[in-house]
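The values are calculated or read from the model by the stated rules, or taken from the named source; none is laboratory data. Every value quoted in this text rests on a predicted model; they were computed, and no experiment measured them. Don't worry about glycine lacking a Cβ; one is built from the backbone with ideal geometry, like all the others, and counts go over all protein chains shown.
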Amino acid sequence: MPANTARGFPYPLGTDPLSQGDDAIHNLASYLDGNVPKYGDAIDPNVVKVYRSLATSIPNGGSATITWDQEVWNPTGMHSTSTNPTRLTAPVAGKYRFDAQVGYTSNATGYRSLAVTQNANPVARSTSQAANGATHVQAVSGEVQMAAGDYLEVVVGQNSGGALNTTTGVDQTSMSMRRIGP
């Protein structure tokens, strides 16, 4: 066994003059080494942020799954603009945090809905009434446990009386996903 842990904590086995605390300190140092990132350790590279650069038409009383056509970052290939471009896919199992937002063009009638689905099953949802005919941006966030290959999608709906478009751009209609733990 090394004299020190990766953080430089000494392993005090047999060194405590009162013979108390040796095991507790040793267990704490071992736990920290195995479970807590050290200062300067890299964050998990499994991150992605995408957005929509073109309007998506949402039918009245229906829904549409957002197709992400632009990437802000995608270092591990969690999204493809050509194969399943509606999906953000977990490359490894773990807990993931997601943030999704969708902007809707100005219309004062009806509701707007935004759902995030995991493998086509809803995991987060927001429904709100249209406001004063102003452009409306709706957002939802959450955390989910995912297996490798599981995916998230954004499904939007509305009932304004006619088809309604989403607004575009990374500040209007976007989604991000980040692995935050095992």
Considering only segment 120-128, I want to know if a residue exists there that is modelled with pLDDT under 95, small (G, A, S) and over 16 Å from V170 (Cα atoms).
yes
Of the conditions (1) closer than 24 Å to Q70 by Cα; (2) hydrophobic (A, V, I, L, M, F, W, C); (3) out of contact with any Asp or Glu (no Cβ under 8 Å at 6 or more places or on another chain); (4) modelled with pLDDT under 95, the single one that A163 does not satisfy is (4)
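Conditions tested, residue by residue: (1) part of a loop (DSSP other than H, G, I, E, B); (2) modelled with pLDDT of 65 or more.
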| site | (1), (2) |
| --- | --- |
| P2 | yes, no |
| A6 | yes, no |
| A24 | no, yes |
| A29 | no, yes |
| G34 | no, yes |
| K38 | yes, no |
| S53 | yes, yes |
| N60 | yes, yes |
Touching a residue at least 12 places away in the same chain (Cβ under 8 Å), surrounded by 12 or more Cβ atoms within 10 Å (Cβ to Cβ) and under 22 Å from the mean Cα position of the chain (by Cα): is that true of T135 in this structure?
no
Is it the case that A93 is surrounded by fewer than 19 Cβ atoms within 10 Å (Cβ to Cβ) and modelled with pLDDT of 95 or more?
yes
Which condition number in (1) in contact with a Phe, Trp or Tyr (Cβ under 8 Å, 6 or more places away or on another chain); (2) under 18 Å from L88 (Cα atoms) is the one that V137 fails?
(2)
Quick one: is T167 among the polar types (S, T, N, Q) and surrounded by 22 or more Cβ atoms within 10 Å (Cβ to Cβ)?
no
